[in-house]
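Read-outs: derived from the displayed coordinates by stated rules, not from any lab. Owing to the predicted nature of the structure, the values given are computational and were not obtained by experimental measurement. Cβ coordinates were reconstructed from backbone atoms using ideal geometry, including for glycine residues, and neighbour counts include every protein chain displayed.
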Amino acid sequence: METIRNALDFSDFPRLDLTVAGAVSIAFVVFPLFPHSAFAMATMIQFLMFSLYGMGWNTIGGYGGQVDLGKAQYVGIGAYTTAVMLIRWDVPFWVSMPIGMCLAVGWSFIIGYPLFRLKGHYFAIATIASTLVLKDIFEVWGFVGAARGLEISPIKYNPPDFLRLIFRDDIYYFYTILGFFFLGIFYINWFRKSRLGFQLRSIKDNEDVARSLGINVHWAKVKTYAIATAFVSMVGSFHACYIKSIEPEDTMSLDISILIALMAMLGGAGSLWGPIIGAGILIPLKSYLKEWLGAQAGLVGIDLIIYAGIIMLISAFEPRGIWGIVEKIRRRTRS
Amino acid sequence: MRSIFRFSMLVFGLLAMAGLLAPTGALGVKEVKIGVIYPLTGGAAAAGRELRAGVELATKIANGVMADLPMTMAQNSGIKNLGGAKIKLIFKDHEGNPTLGADLAKKLILDDKVDGILGCYFSSVTKTVSAVCEQYNVPMINASSTSPALTKRGLKWFWRTTPHDKWFTKDLFELLKGLTEGKVQGVKAVPKKEIKNLASACEKTEWGSHVSGLIKEFAKEYGFKLRKSFLYAAKSADLSSEVRSLKASRADVMLFASYTSDAILMVKTLKAQKAHPKVIWGQDAGFEKPEFRSTLGDSISGILTRTVFLPKVVEIKKLAGQVNALYKKKTGNDLGGASARAFTGLQTWVAVLEKAGSTKPADIQAAANAIYIPGKELVVPWKGIKFSTSGDELGQNILGSGLIGQYQKGKDGKISLEIVYPFDVSSADMIFPFAGF
Amino acid sequence: MDILVGSLFAGLLIGMVLALVALGLTIIFGVMDIVNFAHGEFLMIGMYTGLLTAQGLGIDPLLTLPVAAIVGFLLGIICYFGFIKFLLRGPMVAQLLGTFGLMLFLRNLALLIFGSEDRALHHGLLVGKSFDLGMGVIVSATKLACATLSVVAFVAVWLLINRTKIGKALTATALNAQGARYMGIPTEKMNALAWGIGGGSVTIAGALIVNFWSVNPFIGLLFTMIAFAIVALGGFGSVPGAFFAGLVVGMITEIPGFWDFFTYTFGADWMVDIPMTSFKYMWVYVAFFVIMVTRPRGLFGWKQ
């Protein structure tokens, strides 16, 4: 009970934040009722998925200050667990998703335990390496379809199938992921006020001081890493049902890892709204820049150039992201 | 009260923003919209240009009248049974990314309201796009993806005009068998032990891994020994250790499935490593692209590639010659396997629409299942187009066939492809064994 | 036997080439303790520079090396003064993501300008030439040239660092930047110099490599990862370490070759079916991972 109350308690935010958040939430909920293009819908789902990825990353990357560039491997584990179990044994999504989360968390312990002895760039690079290794394995592993990947048959199931999460129209997927999205926000809201959340922030500020306070630094990091992993793997499972066809190249590519980290960084790592803002800016920017500039004018890559430019500016001048700018302005107006 | 008002303004403002993002397609009269999804950028951009040119040429012929071309679609302006409706193409670029392809398909179906889809060259993308089409009951015709699995999924809204890799791979083994039996023009029977050892290197994709599996299967069936078989990462910068591995296997016959850049790199590396197999065979794609010929020059003389169309077909087929001339005028290149098949794909669409006499999906479905296009109307040397409607290969054209071509240096000093298989249409003596680089 | 000797030789050669690629990274890391994720992109720019100069001016690709060196040197300096300098003020996280942004930027700029097609050189003094040394050893002339340059570059950098005044200043900056500043060493300039030398050495490598490898805008990341592996194995910041680590990594990429040797020597059919070639780079990452975890200072590391 206490936990739930804590999760729903947003009272430490300014009223303006809550008004905007409430307005945005309502806009999300009623969005599908208004005329919209399939493209806008797909962008919306992408945005929600990446917000969730970002929230997961934010626990270890933002609150914990450990730059993890290997989240794609957990997207892959989640997606593959769901797809393999559905195709081979007809296990519904709601069962395979938690199993996928368990597997991902298990793997995260194996990877995370030795990895957290490393710090800073060493850690970041090692997470990339572990993703690449896993991807190479999945590309030759026949049980999971090797390089040709897995396809959830488009004709075998009768949509809408709520148990297996097989739908034809995006609107169902939209509300499913929106539900996850709100749950995610509540969870992170609880997490940042939890014991672990405070421990992490003190580790981020100064690891030696944290250790001297009796915090088991290594274990706290590993635990948080597992939480981040569970988030990512959950969305990965959803990804499998949504896309219906997965390949290692697609689900485990480094690009996804980078996108996740950059989005959270851009929005503002270590804050509740940061990853959401980051995804809210970058995903539409990416989709529409690609649509308007890339496809029509043949300017391939222009979307990512602008995007990279933003990242460079942010990291050089305001490492705390857009949320950092917002807070700076606030502090200035207050004083 | 005011704050509630402001709050709801905020909500509406946000929604209006989302709504603004909705591009609405204008409804045209008397046109049939076909969505075409091809890799127009990315690693296969060159192939994409060829495919696009092939489709555009076919559309031009269908929408106008060219009385001297002996094909139905050239005689009518637009689709006769639809009141002369014109074909309108909407091109989308999938960049070789299956997820993006599925998104584009949804967009074409829901936002642009296309009547049908053509594409997508890459088997992996065709897989996701056809799944979307199946769900929305929108017909899709595929003209150039050759992974056998595509038509084995029981899809009812998917038709494929091109023969698939199983046939092509079988052709190869028929050719090898032919070599041992002395059936090949210009080559005396070769003792089997001279070409018994095979090695294959295919790219690590949907298509490549299927080809690799097929080679394994057929090698067993035809009694050859597969000494080495592996997948390599597509778009590699370096293939020297792969090539060394092929050499180490001491294979007499080396088999590849690669797209353009890898195919070029592979042959260059084989040359640098002084490999000397007796037969080199490429599974179409990169091995028959104009770039392959232009960059590697004379050194490719003797390399075999499977294909469905090569310029020599012009000599045995008048229609192909006429279309080839038009294509050459448009692009400067001869028709190739990709462009000829893309052309045929759109031609099939026109024929299906003509037969359906409506753009209702159900009518198109019925028409596609019943269509028969005789071989004399096609540029490709097939017996015709007729889709299988039962069995385990739904929607597969059963009248297609493949060719195996060999690069040979002509009297004019130019490298061109000669037909060596099927044996009855072969246009030149086969070079055997491969002379080395 | 041919296979074994051939693989050993090829591994050594490719190792030297890869060491050359990693040299720039190790200099930058050694001096400034900043990881440059855009390293592979610098290499790509070097490759394009070599390719386009050779094709544009119609000169032999070998003559483009000075051009590439200048381009790389300037690129490094510009990056430092235009961007990296600002990053150094921020936390480590920002440095990491900043260079990542630089990587994305350069990569997509190349995509925009050059398109995504693979390009390769087809003509040149050394292109496509190879020597057969017998015993299954076939050495391509371009790789040999690249390996030779690698040795030269390593010796030159080693001399620069250990035998000149500038080198001493660089080392001092690396060991203790603040202390060096008190001693009157212009650390700002030293940092820029490190970026210049780092950029120049990697673009030279690129201009040579393009003689035997094709280039596309996405090629950078693979080399960034391999360069990281080499630098980590050699000990971050150690120049001789990077050279030997390069050889080790070269050998690791040849594991499929050794596997072939055992397969055919013992006629073990079960070994044929294991797709070792598909794992070519995986062993590099595995080795990297293991070294990082068990011995963060690297095999030959000296810097704490």
Globularity index of segment C:206-304, i.e. its alpha-carbon radius of gyration over 2.2 N^0.38 Å: 1.25
What is the percent of Cα-Cα separations in segment B:130-228 that go past 19 Å? 54 percent
Given contacts defined as C-alpha pairs under 8 Å and at least six residues apart, what's the relative contact order of segment C:2-294, whole-number percent? 38 percent
Computed over segment A:173-286, the convex hull of the Cα set has an average projected area, in nm², of 8.0 nm²
Log entry: pair-distance distribution for segment C:71-122, C-alpha pairs binned every 10 Å from zero, whole % per bin is 22, 42, 26, 9, 1
Please compare each pair in B:60/B:328; B:60/B:289; B:289/B:414 to a cut-off of 20 Å on the Cα-Cα distance and tell me which ones are over it. B:60/B:289
With the Cα gyration tensor of the protein assembly as shown in hand, convert its eigenvalues to equivalent ellipsoid semi-axes via √(5λ) and list them largest first in whole Å. 47, 40, 25
Could you give the size of the charge dipole of segment C:167-299 about its Cα centre, using +1 on the Cβ of each K and R and -1 on the Cβ of each D and E, expressed in debye and rounded to the nearest 20? 720 debye
Determine by what factor the alpha-carbon radius of gyration of segment B:32-184 differs from 2.2 N^0.38 Å, reporting the quotient. 1.19
Taking B:329, B:216, B:268 and counting other C-beta atoms within 10 Å, the order from fewest to most: B:329, B:216, B:268
With a Förster distance of 51 angstrom and the Cβ-Cβ distance between residue B:30 and residue A:2, calculated FRET efficiency to the nearest 0.05 equals 0.15
Please say if segment B:181-289 is rounded, prolate or oblate, where rounded means a/c under 1.5 for a ≥ b ≥ c the square roots of the C-alpha gyration tensor eigenvalues, and otherwise the choice is prolate for a/b larger than b/c and oblate otherwise? prolate
Farthest towards the positive end of the dipole of segment C:2-294, among C:186, C:152, C:133 and with Cβ unit charges of +1 on Lys and Arg and -1 on Asp and Glu, lies the Cα of C:186
On each of the three principal axes the extent of the alpha-carbon atoms of chain B, given in whole Å and largest first, is 90, 57, 43
Rounded to the nearest 10 degrees, what's the angle between the helix B:318-331 long axis and the longest principal axis of chain B, both from Cα atoms, 0 to 90? 70 degrees
Run the numbers on segment C:206-304 and let me know its relative contact order in percent, using alpha-carbon pairs under 8 Å that are six or more apart. 38 percent
Using amide H atoms built 1.01 Å from N in the peptide plane, name the residues 5+ places from residue B:418, or on other chains, whose amide H lies under 5 Å from its own. B:406, B:407, B:408
How big is the dipole moment of the protein assembly as shown about its Cα centre under a simple scheme where the beta carbon of each Lys and Arg is +1, that of each Asp and Glu is -1, and everything else is neutral? Debye, nearest 20, please. 1040 debye
Tell me, C:210, B:114, C:286 in order of fewest to most beta-carbon neighbours within 10 Å? C:286, B:114, C:210
Globularity ratio of segment C:2-294, using Cα Rg and 2.2 N^0.38 Å: 1.03
Taking a threshold of 23 Å on the Cα-Cα distance, which of the pairs A:290/B:113; B:113/B:329; A:286/B:88 fall above it? B:113/B:329; A:286/B:88
Hydrophobic long helices for chain A, i.e. whole DSSP H runs reaching 30 angstrom or more by Cα along the axis with Kyte-Doolittle mean at least -1.0, come out as A:93-115, A:120-140, A:170-193, A:217-243
Tell me the Rg and the Dmax, in Å, that the Cα atoms of segment A:117-209 produce. 20.5, 59
For segment C:45-194, go through all pairs of different Cα atoms, get the mean of 1/r, take its inverse, and jot down that Kirkwood value in Å. 18.7 Å
For segment A:2-334, report the % of Cα-Cα distances exceeding 32 Å. 28 percent
For residue A:91, which sequence-distant residues (separation of 5 or more, or a different chain) have an amide H within less than 5 Å of its own amide H, given hydrogens modelled in the peptide plane? A:86
Over 19 Å (Cα to Cα) - which of B:156/B:360; B:156/B:383; A:135/B:225; B:188/B:383; B:268/C:129 fall in this group: B:156/B:383; A:135/B:225; B:188/B:383
So how tilted is helix B:2-20 from the main axis of chain B? Cα-based, degrees 0 to 90, rounded to 10. 40 degrees
Please list B:65-74, B:92-101 highest first by mean number of surrounding beta-carbon atoms within 10 Å per residue. B:92-101, B:65-74
In Å, what Rg and Dmax follow from the Cα atoms of segment A:226-314? 14.4, 44
Segment A:2-334 - percent relative contact order, Cα under 8 Å, separation 6 or more: 31 percent
Hull volume per residue for segment C:246-304, using the convex hull of the C-alpha atoms, in Å³ is 90 Å³
Once the piece of chain linking residue B:411 and residue B:113 is laid out straight, how much longer is it, given 0.36 nm per residue of separation minus the C-alpha distance between them? 102.0 nm
Which lysines, if any, have their Cα less than 26 Å from the Cα of residue A:204, not counting same-chain residues under 8 positions apart? A:71, A:119, A:193, A:221, A:223, A:328, C:85, C:303
For a footprinting-style exposure proxy, rank A:217, B:184, C:202 by other Cβ within 10 Å, fewest first. A:217, B:184, C:202
Furthest towards positive pole of dipole, A:40, A:315, A:84, structure part segment A:2-334, Cβ charges: A:315
In chain C, which whole DSSP H runs stretch at least 20 Å along their own axis (Cα) and average 1.6 or higher on the Kyte-Doolittle scale? C:2-32, C:65-79, C:92-114, C:220-234, C:239-253
Quick one: Cα centre-to-centre distance for segment C:205-243 and segment A:149-191, in angstrom? 42 Å
